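Working notes, structure below.
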Amino acid sequence: MAPEEAQVSVFDRGFMFGDGIYEVMAVYDGSVFTLDEHLRRLNRSLDAIRLESPHDDETWRQIIEQAVERGAESPAYLYLQVTRGVESPRSHVYPAAVVPTVLITVMASPILERKEIEPLKVITKNDFRWGRGDIKVTSLMANGLLKNEALAEGFDDAVLIRDGEVTEATAANVFIVKDGVIATPPKSPYLLHGITRDHVVSLAKKANMPLDERALTEDELLNADEVWITSTGYEVWPVCQVNDRFIGNGSAGVVWQEIDRLFQSSKD
Ligand code: PLP
């Protein structure tokens with residue numbers, strides 16, 4: 001239906017408490033990229049917030065396929081949100097009978113020429129978020145605050161540091177390259193297990209590009225030869241500045257060129 005016709009109760013727990021989870025998927029050439037991985041993470045997030053999935057995987061696939069067809073946009077982003085439904089009066093206690101609210105939107109995304117990719121400037125900030133960044137929850141208050149602080153200070157995004165180590169950016173995972181070796185923080189409860197991150201790790205490994213999943217200090221980030229962020233929206237995007245330090249020569253690095261080439265051809 002048209003967005004202006006869609007209705008959600010003001011007592012929806014998604015609205016009241018941010019009590020919901022979501023996925024963002026890319027639609028390329030009319031089909032959802034890495035759909036299996038997104039469904040796996042959707043189920044993992046639902047399990048983690050103790051919300052029974054309203055559909056089995058086969059049904060999710062059909063609903064998503066229908067949304068892509070009706071959305072008739074490609075390339076596009078498909079946004080899927082599941083909340084713990086309506087509860088009145090408002091209460092912290094979960095309702096006994098939950099009817100989850102499901103929202104799916106499909107929005108056109110831009111097609112970028114590679115030469116339009118401008119490397120980002122990022123600032124490091126203290127990661128004060130809760131300890132379950134691995135669950136893709138709709139309550140993104142902290143991520144929004146940190147992103148907007150970064151923008152207000154003249155940067156494009158923030159890279160978050162917890163106890164001296166890089167976790168992720170406000171809506172993307174972080175990679176560095178040092179002396180030809182790619183590195184990204186290991187999966188932990190403090191960061192989202194990005195589908196794009198995993199895809200990039202597997203592309204690099206298949207191409208025999210050296211890659212470590214290991215803790216990265218803020219100092220390593222500042223002294224890297226290349227820095228990239230990865231997400232469904234950004235794919236793999238180069239970073240040219242961290243705080244007041246220029247990374248490489250200020251434009252996208254050679255390892256990025258190679259991983260981007262692999263990434264673009266993996267869409268076919
Ligand atoms: N980290 C955070 C906090 C995010 O919000 C996102 C995506 O929105 C990512 C990482 C990247 O995840 P994915 O590659 O699955 O889009």
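(1) farther than 30 Å from residue 79 by Cβ; (2) surrounded by 13 or more Cβ atoms within 10 Å (Cβ to Cβ); (3) among the charged types (D, E, K, R): which one isn't true of residue 245, the others all being true?
(2)
Out of everything in the stretch 231-245 that is in a strand (DSSP E or B) and of a type in the set (Val, Ile, Thr), what residue ends up being nearest to the ligand (Cβ to nearest atom)?
236
Residue by residue through the stretch 100-113, note down the ones that are touching a residue at least 24 places away in the same chain (Cβ under 8 Å) and over 19 Å from the mean Cα position of the chain (by Cα).
The answer is 100, 101, 102.
Restricting attention to the stretch 130-149, which residues are without any contact (Cβ under 8 Å) to a residue 60 or more places away in the chain and of a type in the set (Lys, Arg)?
The one that is without any contact (Cβ under 8 Å) to a residue 60 or more places away in the chain and of a type in the set (Lys, Arg): 147.
Going through the stretch 178-227 one residue at a time, which ones are assigned to a helix (DSSP H, G or I) and either away from the ligand (no atom under 12 Å from the Cβ) or small (Gly, Ala, Ser) (or both)?
Residues satisfying the conditions are 202, 203, 204, 205, 206, 218, 219, 220, 221, 222.
So for the stretch 175-189 (the condition being within 26 Å of residue 45 (Cβ to Cβ) and of a type in the set (Asp, Glu)), does at least one residue qualify?
For the stretch 175-189, residues within 26 Å of residue 45 (Cβ to Cβ) and of a type in the set (Asp, Glu): absent.
Does residue 162 qualify as being under 26 Å from residue 109 (Cβ atoms), among the basic types (Lys, Arg) and surrounded by 16 or more Cβ atoms within 10 Å (Cβ to Cβ)?
So residue 162 fails the test.
Report every pair of residues separated by at least 6 positions or lying on different chains whose Cβ atoms are under 8 Å apart, first residue within the stretch 175-197 and within 19 Å of residue 223 (Cα to Cα) and at pLDDT 95 or above, second within 13 Å of the ligand (Cβ to nearest atom) and part of a loop (DSSP other than H, G, I, E, B).
185/191
Answer with yes or no whether residue 35 is surrounded by 14 or more Cβ atoms within 10 Å (Cβ to Cβ) and under 20 Å from residue 141 (Cα atoms).
Spelling it out, it is not the case that residue 35 is surrounded by 14 or more Cβ atoms within 10 Å (Cβ to Cβ) and under 20 Å from residue 141 (Cα atoms).
Every residue in the stretch 135-158 that is more than 11 Å from the ligand (Cβ to nearest atom), under 24 Å from residue 219 (Cβ atoms) and not small (Gly, Ala, Ser), please.
Those that are more than 11 Å from the ligand (Cβ to nearest atom), under 24 Å from residue 219 (Cβ atoms) and not small (Gly, Ala, Ser): 149, 153, 155, 156.
Of everything in the stretch 162-177, what is touching a helix residue (DSSP H, G or I) at 6+ places or on another chain (Cβ under 7 Å) and away from the ligand (no atom under 14 Å from the Cβ)? Give them in sequence order.
Residues satisfying the conditions are 164, 176, 177.
The values are calculated or read from the model by the stated rules, or taken from the named source; none is laboratory data. Keep in mind that this is a model prediction, so the values were computed, not measured. Virtual Cβ from ideal backbone geometry, glycine too; neighbours counted across all protein chains shown.
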